[in-house]
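Report on the structure given below.
The values are calculated or read from the model by the stated rules, or taken from the named source; none is laboratory data. Keep in mind the model is a prediction, meaning the values are calculated, not measured. Ideal geometry is used to build each Cβ from the backbone, glycine not excepted, and the neighbour counts take in all protein chains shown. Ligands, DNA and RNA are excluded from the accessible area calculation, which covers all protein heavy atoms including side chains. Shrake-Rupley method; radii C 1.70, N 1.55, O 1.52, S 1.80 Å.
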Amino acid sequence: MTKATPSPDDARSLSSSKRSYPLIRAVVAQIAAAVIVIGGQQILGNRADLVLPLPLLLAFQGVIAAGLGHLLGLARWWLPINLLLPAAAALALLLNLPAWIYPLLFLALALVFWNSADDRVPLYLTNRKTWQALEALLGAEAQRSKEPLKVSDIGCGLGGALLYLARRYPQAEFVGIESAPLPYALARLRALVSGAPNLEIRYGDLWKQDLSVFDLVYCFLSPEPMPRLFEKAKREMGSGTLLISNSFEVPGVTADEVVTVQDSRETELLVYRL
Ligand SMILES: C[S@@+](CC[C@H](N)C(=O)[O-])C[C@H]1O[C@@H](n2cnc3c(N)ncnc32)[C@H](O)[C@@H]1O
């Protein structure tokens, strides 16, 4: 198995090229789509006296915005947002919702998707079958190690993976790190309610976390942070420890093991032994 290390320059250029404000690109896509749809309707109205129904215009705007967003380099998860946004906005206007709903909704979304705009890591969750695959990997690792394992999920979301594992490995220690306020609060609450003495949920930025104390670090982030994260893990974690990434590989580095989970998306766990 060959291992190559991405140079810091590779990592930096990847980061800077991709770090160009997806929110602004999404807004540009919506505005351009609105101009095209309104312009198109004007032309149809003038030349053929044809007025398209509003739902059709909104659907056109969504499809065009999604396509433009894709051309502008937005990640795939922006597609449904761009697609549905015009119809959702029109529905909200039709329903005449009270004005305070909008800032409240915005606040709730901001508290959940705290890291999406900057770190390009939204919230999506590890599924149960992947928890089970992690359980097996952890079991194998626990057998190799003489000491109880210290495990972290960096960017732990709602803490589901760690709750599951902490119950099954009472002798190991688990630390979840999360910087989005709402998921952090929920994960913390779930850990408290579970009463698991070997699970700690910390509020904080994973980049400021010292990884040297962990034998196994699990992450489910996005392609963007992987080169930098691998560098950090190599620098801080001990020799022979594990970095396991759900779905996102480290560019230029061959994983030591790839576990394919039997779920609908055939999730891959990429195991890097440091
Ligand atoms: C895709 S979710 C995965 C959640 C959880 N690990 C799981 O597998 O169910 C990624 C999580 O990482 C968090 N995150 C992103 N950047 C972070 C950072 N710099 N520090 C801490 N958490 C971060 C996000 O808020 C999000 O909850």
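Name the residues in segment 170-200 that are under 18 Å from the mean Cα position of the chain (by Cα) and of a type outside the set (D, E, K, R), would you? Matches in segment 170-200: G176, I177, S179, A180, P181, L182, P183, Y184, A185, L186, A187. Scanning segment 200-245 for residues that are open to solvent by 40 Å² or more (accessible area, probe 1.4 Å) and outside any strand (DSSP E or B) yields a total of 14.
Could you list all residues from segment 128-155 that are part of a loop (DSSP other than H, G, I, E, B) and surrounded by fewer than 17 Cβ atoms within 10 Å (Cβ to Cβ)? If the condition is that a residue be part of a loop (DSSP other than H, G, I, E, B) and surrounded by fewer than 17 Cβ atoms within 10 Å (Cβ to Cβ), then S145, K146, E147, P148 are the ones that fit. When I81 is tested against (1) open to solvent by 40 Å² or more (accessible area, probe 1.4 Å); (2) modelled with pLDDT under 85; (3) closer than 28 Å to W207 by Cβ; (4) part of a helix (DSSP H, G or I), exactly one condition is not met: (2).
Please work out which residue is nearest to the ligand (Cβ to nearest atom), limiting yourself to segment 91-123 and to residues that are open to solvent by 50 Å² or more (accessible area, probe 1.4 Å) and under 18 Å from Q61 (Cα atoms). So, considering only residues that are open to solvent by 50 Å² or more (accessible area, probe 1.4 Å) and under 18 Å from Q61 (Cα atoms), the one nearest to the ligand (Cβ to nearest atom) is L91. Being within 16 Å of the ligand (Cβ to nearest atom), surrounded by 11 or more Cβ atoms within 10 Å (Cβ to Cβ) and hydrophobic (A, V, I, L, M, F, W, C) holds for only one residue in A75, A88, and it is A75. For segment 33-60, the candidate set comprises residues that are part of a loop (DSSP other than H, G, I, E, B) and of a type in the set (A, V, I, L, M, F, W, C); within that set, the residue that is surrounded by the most Cβ atoms within 10 Å (Cβ to Cβ) is L52.
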